[in-house]
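**Q** Here it is, the structure in full.
The values are calculated or read from the model by the stated rules, or taken from the named source; none is laboratory data. Not measured: the values here are computed from a predicted model. Surface accessibility is based on the protein's heavy atoms, side chains included, excluding ligands, DNA and RNA. Shrake-Rupley method; radii C 1.70, N 1.55, O 1.52, S 1.80 Å.
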Amino acid sequence: QVQLVESGGGLVQAGQSLRLSCAASGIIFRNNAIQWYRQAPGKQREWVASITTTSITFYTGSVKGRFTISRDNAKNTVYLQMNSLRPEDTAVYLCKLTYNTQDYWGQGTQVTVSS
């Protein structure tokens with residue numbers, strides 16, 4: 001059974017940093033690309049970043065240069081380092097992978113950035 005568990009969210013002030021983790025189980029982790037999404041209250045879920053099986057990374061424009069996605073295959077974990085946080089980054093952050101054509105999501109972790 002594929003499971004994803006996010007952690008690392010919290011309440012920070014603008015300009016501060018957080019590192020989110022997404023721990024996976026039930027799959028051969030190194031064979032899967034992973035994505036981070038976020039969903040703010042009243043807004044649609046938004047793609048934030050992706051990392052491929054060979055650690056090639058992609059970012060949405062609003063986080064480029066501030067966020068870094070990385071993976072540790074030995075720990076079955078993907079990270080999202082978030083620097084220079086802004087109030088508009090406030091959202092629930094979720095990780096996702098696709099396995100055998102099915103999407104799997106974690107439960108999410110709340111990030112709140114105060115001004």
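**Q** Of Ser84, Ser21, Ser62, which has the largest mean-square fluctuation in a 10 Å C-alpha GNM of the chain?
**A** Maximum among the listed residues: Ser62.
**Q** Below 8 Å between Cα atoms, with a sequence gap of 6+, how large is the relative contact order for segment 27-115 in percent?
**A** This gives 27 percent for segment 27-115.
**Q** How high is the relative contact order of segment 74-115, in percent, counting Cα pairs under 8 Å that sit 6 or more residues apart? It would help to have the intermediate numbers written out before the result.
**A** On the way: 43 pairs, mean separation 17.5, N = 42.
The value is 42 percent.
**Q** May I ask you to compute the full-extension gain from Gln13 to Asp72, defined as 0.36 nm times their residue separation minus their alpha-carbon distance, rounded to one decimal in nm?
**A** Numbers: separation 59, 0.36 × 59 = 21.24 nm, distance 2.80 nm.
Length gained between Gln13 and Asp72: 18.4 nm.
**Q** If you roll a 1.4 Å probe over the heavy atoms of the protein chains, what accessible area per residue do you get for the chain, in Å²?
**A** Here the residues of the chain average 53 Å² of exposed surface.
**Q** Carbon-plus-sulfur fraction of the accessible area of the chain, 1.4 Å probe, in percent?
**A** About 46 percent, which is the carbon plus sulfur part of the accessible surface.
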